[in-house]
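What follows is a set of notes on a single structure, which appears directly below.
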Amino acid sequence: MAARLNTSLQNTLSLLNPFNTLLTKKPFSSRNSFRFSKKLPSSPRRALYCTSSLESHDNAETFVLTTPLYYVNAPPHMGSAYTTIAADSIARFQRLLGKKVIFITGTDEHGEKIATSAAANGRNPSEHCDLISQSYRTLWKELDIAYDKFVRTTDPKHEAIVKEFYDRVFANGDIYRADYEGLYCVNCEEYKDEKELLENNCCPVHQMPCVARKEDNYFFALSKYQKPLEEVLSQNPRFVQPAYRLNEVQTWIKSGLRDFSISRALVDWGIPVPNDDKQTIYVWFDALLGYISALTEDNEQQNLDTAVSLGWPASLHLIGKDILRFHAVYWPAMLMSARLNLPKMVFGHGFLTKDGMKMGKSLGNTLEPFELVQKFGPDAVRYFFIREVEFGNDGDYSEDRFIKIVNAHLANTIGNLLNRTLGLLKKNCESTLVVDSTVAAEGVPLKDTVEKLVEKARTNYESLSLSTACEAVLEIGNAGNAYMDQRAPWMLFKQGGVSTEAAAKDLVIILEVMRIIAVALSPIAPCLSLKIYSQLGFSNDQFNSITWDDTKWGELKEGQVMAQASPVFVRIELEAAEKDEEEKKKPKDSKKKGKAKVKVEQQPQTVTEA
Ligand code: MSP
């Protein structure tokens, strides 16, 4: 019924060539869509925290990336934070390459699920949306998420664009009215095929029974786009990433696309359907447009063409695997219908799980990101999830593992090496570099090792293998530690004469390694990187203008004075974290009020012996 084909629409289809839109601009690179660009003459400055306006990057290649727009039925949990942390790391890396990045995030505020949740909390929907949307912004600030655009689907500028888009699709003959009867999952906001449901018609994602619904709705003629979609995917196999998700999408399409309902008669909290205010536009047909409406400025005339001219198509939609069908099937078909370019890539990452189940608001098994970030700081949280979860796959969280990883990598491998080296430099060289790092490294194989690892980090950042990029940076730290242990400069200083000179050079070499680590790790742990840079005697402005080219060996110069050593990352004490857990288990009124604090073991200010 819903999958029927309107023949007059089929005629329109023959006029439509989605590949014009997709391919006339920039063809997909067969190896990689994200090519490395050389450092530009004037490199853009990156904000460490959120930026509200874009600085001008004339001539720079634009890189637009998006997170999903998060439902405001409940405040963010760690699963929603995960996508945003990954997106922010990618955005920061792309800025380092000199690109003009537009990093879009926001909140999805319409629909039944939101209205129900507002009512359950005794609020009117609009109050509720303001409150929860703000909690996302607050979390992004705490996590050092430097987004460029935050879109809300209740914003009038967004609504205007949704209506215009709807009109275009309608004018193209792709919207018709019909009855629909089926099983609906309110949490997915989607009618489900019976064959994909579990026992008792339970939704496999939310483990809750779907409800039978019958509605008179407007439909989008998705089935008409079956062939064009198949062609898009076969001509651009990198459109859906990781590669194994492409098969999934191709299987859906092959099994036959059914038209889908794009309005709701029973839901008031939404954008009215143009020319029929008894129906509201389906949340997905509304929210996906946020990726385009976000591009407009508040003081600009709000229309599709203006928005599109400001950065569409997106280079990358970063999403969780549960919403792949909307992004890799529905959305491209909708765009084709409106004769707009398709995004260049959709990357579906895996889930953060707890006891093997998707962590989520509907299942109520979430991990509190505010608590985590207050307890351990943004760098630790960002680093752990990026390093620990292979991007694309699922990953489980455990506090033990969290503490082990961040202590071993950030406190020991990186923090301690910097601290020891600065301590030795203070004691023996008045905190001053005795020679240029390029001169110091002549004939030293460590420099080549670092260069190779920097390249490994870059290629992995580019291909979105974020965990491997992290690993490469850590390997640089391991190489630095091995050099320190092997050279034992503290012994050389004791020997005096030429040995002292050699030891002083060794310290310059290790500090140059630390500097390179700071640049290469800055997409993932920006505060930590800034702290390292400051201790190496650079200003905040100097840090804010680094580019990926600064991973090249040789920035540290003779005479540069290092700052007073202080731990850049304090070790988390396992015992303290356990006490904290015990504290949580105590009955409420026996708990102390206030934030959970982690007792940290301060690293010595200066360590002169290894
Ligand atoms: N509102 C829609 C998206 C519309 S985009 C135009 C939505 N919102 S959501 O809040 O339910 O989910 C947002 C994102 O968070 C999705 O990509 C989803 O996969 C992700 N995550 C939610 N729980 C998650 C985990 N437990 N783990 C990782 N990501 C998860 O869908």
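Table for the structure above
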read-out: Residue ID - surrounded by the fewest Cβ atoms within 10 Å (Cβ to Cβ), chosen from residues in region 361-399 that are without any contact (Cβ under 8 Å) to a residue 60 or more places away in the chain and farther than 25 Å from N73 by Cβ; value: S398
read-out: Filter result for A287 (of a type outside the set (K, R), within 16 Å of the ligand (Cβ to nearest atom) and closer than 20 Å to E109 by Cβ); value: yes
read-out: Hits in region 336-350 (condition: farther than 21 Å from A91 by Cα and either surrounded by fewer than 23 Cβ atoms within 10 Å (Cβ to Cβ) or free of Cβ contacts under 8 Å to residues at least 60 places away in the same chain (or both)); value: A338, R339, L340, N341
read-out: For A333: the one exception among (1) more than 30 Å from A120 (Cα to Cα); (2) without any contact (Cβ under 8 Å) to a residue 12 or more places away in the chain; value: (2)
read-out: Filter result (assigned to a helix (DSSP H, G or I), within 20 Å of E455 (Cβ to Cβ) and out of contact with any Ser or Thr (no Cβ under 7 Å at 6 or more places or on another chain)) within region 525-567; value: W548, D549, D550, T551
read-out: Region 131-153 residues that are in contact (Cβ under 8 Å) with a residue 12 or more places away in the chain and closer than 20 Å to A380 by Cα, paired with ones that are hydrophobic (A, V, I, L, M, F, W, C) and crowded, with 23+ Cβ neighbours inside 10 Å (beta carbon under 6 Å, 6 or more apart); value: Y147/F103
read-out: Scope region 502-553; condition of a type in the set (F, W, Y) and surrounded by 24 or more Cβ atoms within 10 Å (Cβ to Cβ); matching residues; value: Y533, W548
read-out: Of the criteria (1) hydrophobic (A, V, I, L, M, F, W, C); (2) within 16 Å of the ligand (Cβ to nearest atom); (3) in a loop (DSSP other than H, G, I, E, B), which one L257 fails; value: (2)
read-out: Residue in region 477-495 that is within 30 Å of F239 (Cα to Cα) and at pLDDT 95 or above present; value: no
read-out: Any pair with Cβ under 7 angstrom, 6 or more apart, that starts in region 564-579 at a residue that is of a type in the set (V, I, T) and ends at one that is assigned to a strand (DSSP E or B) and at pLDDT below 90; value: V570/V600; I572/V600
read-out: Every pair of residues 6+ apart whose Cβ atoms lie under 7 Å, when the first sits in region 495-524 and is assigned to a helix (DSSP H, G or I) while the second is aromatic (F, W, Y) and surrounded by 24 or more Cβ atoms within 10 Å (Cβ to Cβ); value: A518/Y533
read-out: Residues (in contact with a Gly (Cβ under 9 Å, 6 or more places away or on another chain) and either surrounded by fewer than 24 Cβ atoms within 10 Å (Cβ to Cβ) or among the β-branched types (V, I, T) (or both)) located in region 82-99; value: T83
read-out: Lone unmet requirement of (1) of a type outside the set (D, E); (2) free of Cβ contacts under 8 Å to residues at least 60 places away in the same chain; (3) crowded, with 24+ Cβ neighbours inside 10 Å; (4) in contact with an Asp or Glu (Cβ under 9 Å, 6 or more places away or on another chain) for V72; value: (2)
read-out: Selection within region 260-310 - farther than 19 Å from A333 by Cβ, assigned to a helix (DSSP H, G or I) and not hydroxyl-bearing (S, T, Y); value: D305, A307
read-out: Answer from V450, V439 - the residue that is surrounded by fewer than 21 Cβ atoms within 10 Å (Cβ to Cβ) and of a type outside the set (K, R); value: V439
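The values are calculated or read from the model by the stated rules, or taken from the named source; none is laboratory data. Quick caveat: nothing in here was measured; it's all calculated off a predicted structure. FYI the Cβ positions are ideal-geometry reconstructions off the backbone, even for glycines, and counts take in every protein chain you see.
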